[in-house]
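Notes for the one structure printed next.
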Amino acid sequence: MDISHLFTNFPPELATFIISMLPVSELRGAIPLAIGVYHLDPIQTYFIAIIGNIIPVVFILKYIDPISKYLMSKSKFFNKFFTHLFEHTRKKHNGKFEKWGALALITFVAIPLPITGGWSGALAAFVFGIPFWRALSLISLGIMIAGVIVMGLSLGFWGF
């Protein structure tokens, strides 16, 4: 399904911005759409998509802790779910994070593959207890790198 049809009544810049905020597409979907369908300027597209992709990260990093704590305190289901999820994730990936540190988070966000990106990076930062400003700076750097990669692919720099 071509997501651009959902935004036919939006200015292309706003559509690009909104699409870059969405959890599945992020800038990985917004940049190719802006370049290939909307024919926006690549530099303008890059900055619109970067800003759009970072905004939800700020809210996730800021509010996931109080929301998860609230849900855990009000519901046995959420308490079990989040406890299991956090413990399982920490146990499974803590060694990798300890070994690679900041580079692990930057790389995880920067590689433009499914289930990686700003949203997932913010969740990972929360699970591993990375402080807000450090997490935001590392994830933002990863988003900027992903933007360069996706822009290069969208413009055909690497033969795709």
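Please verify whether segment 62-81 includes one or more residues that are closer than 20 Å to Leu153 by Cβ and assigned to a loop (DSSP other than H, G, I, E, B). Full working, then the answer.
Within segment 62-81, the subset closer than 20 Å to Leu153 by Cβ is none.
Among the residues of segment 62-81, not one is closer than 20 Å to Leu153 by Cβ and assigned to a loop (DSSP other than H, G, I, E, B), which makes the answer no.
For Phe108, which of the numbered conditions (1) at pLDDT 90 or above; (2) more than 12 Å from the chain's Cα centre (by Cα) fails to hold?
(2)
Could you please find all residues in segment 70-97 being modelled with pLDDT of 80 or more and either closer than 28 Å to Ala146 by Cα or surrounded by 13 or more Cβ atoms within 10 Å (Cβ to Cβ) (or both)?
Going through segment 70-97, the residues modelled with pLDDT of 80 or more turn out to be 70-87.
Residues satisfying the conditions are Leu71, Met72, Phe78, Asn79, Phe81, Phe82, Leu85, Phe86.
Scanning for something of a type in the set (Asp, Glu) and farther than 25 Å from Ile145 by Cα, does segment 98-105 turn up at least one residue?
Filtering segment 98-105 for residues of a type in the set (Asp, Glu) gives 98.
Subset that is farther than 25 Å from Ile145 by Cα: none.
No: zero hits.
Just to be sure, is Val57 at pLDDT 90 or above, of a type outside the set (Ser, Thr, Tyr) and either closer than 18 Å to Ser25 by Cβ or more than 13 Å from the chain's Cα centre (by Cα) (or both)? Quick ask: steps written out before the conclusion?
Details: at pLDDT 90 or above: yes; of a type outside the set (Ser, Thr, Tyr): yes; either closer than 18 Å to Ser25 by Cβ or more than 13 Å from the chain's Cα centre (by Cα) (or both): yes.
Yes; evaluated as a whole, the condition is true for this residue.
Enumerate the pairs (first residue in segment 76-103 and under 21 Å from Gly121 (Cβ atoms); second residue anywhere and small (Gly, Ala, Ser) and at pLDDT 85 or above) with beta-carbon separation below 7 Å, excluding pairs fewer than 6 apart on the same chain, so at least 6 apart or on different chains.
Within 7 Å, the pairs are Phe82/Ser68; Lys96/Ala104; Phe97/Ala104.
What about Ile35, is it surrounded by 19 or more Cβ atoms within 10 Å (Cβ to Cβ) and either in contact with a Pro (Cβ under 9 Å, 6 or more places away or on another chain) or closer than 30 Å to Leu85 by Cβ (or both)? Write out each step before concluding.
Working: surrounded by 19 or more Cβ atoms within 10 Å (Cβ to Cβ): yes; either in contact with a Pro (Cβ under 9 Å, 6 or more places away or on another chain) or closer than 30 Å to Leu85 by Cβ (or both): yes.
Answer is yes for this residue.
Where residues in segment 2-54 are closer than 19 Å to Leu113 by Cα and outside any helix (DSSP H, G or I), which of them is modelled with the lowest pLDDT?
The residue in question is Asp2.
Just the residues that are over 19 Å from Phe47 (Cα atoms), in a helix (DSSP H, G or I) and among the hydroxyl-bearing types (Ser, Thr, Tyr), please, taken from segment 104-160.
Answer for segment 104-160, where residues must be over 19 Å from Phe47 (Cα atoms), in a helix (DSSP H, G or I) and among the hydroxyl-bearing types (Ser, Thr, Tyr): Thr107, Ser120.
I'd like to know if segment 35-44 contains one or more residues that are closer than 22 Å to Ser120 by Cβ and out of contact with any strand residue (DSSP E or B) (no Cβ under 7 Å at 6 or more places or on another chain).
First, the residues of segment 35-44 that are closer than 22 Å to Ser120 by Cβ: none.
No - not one qualifying residue is present in segment 35-44.
Please enumerate the residues belonging to segment 121-139 that are at pLDDT 90 or above, surrounded by fewer than 19 Cβ atoms within 10 Å (Cβ to Cβ) and among the small types (Gly, Ala, Ser).
Ser137
Test Pro11 against the stated conditions and say whether it is farther than 16 Å from Ser154 by Cβ, touching a residue at least 40 places away in the same chain (Cβ under 8 Å) and of a type outside the set (A, V, I, L, M). Working first, answer last.
On the way: farther than 16 Å from Ser154 by Cβ: yes; touching a residue at least 40 places away in the same chain (Cβ under 8 Å): no; of a type outside the set (A, V, I, L, M): yes.
Here the answer is no, as Pro11 does not meet what is asked.
The values are calculated or read from the model by the stated rules, or taken from the named source; none is laboratory data. Computed from a prediction, not measured in an experiment: that's the story for all the values here. Neighbour counts are summed over all protein chains in view; Cβ atoms, including those assigned to glycine, are modelled from backbone coordinates with ideal geometry.
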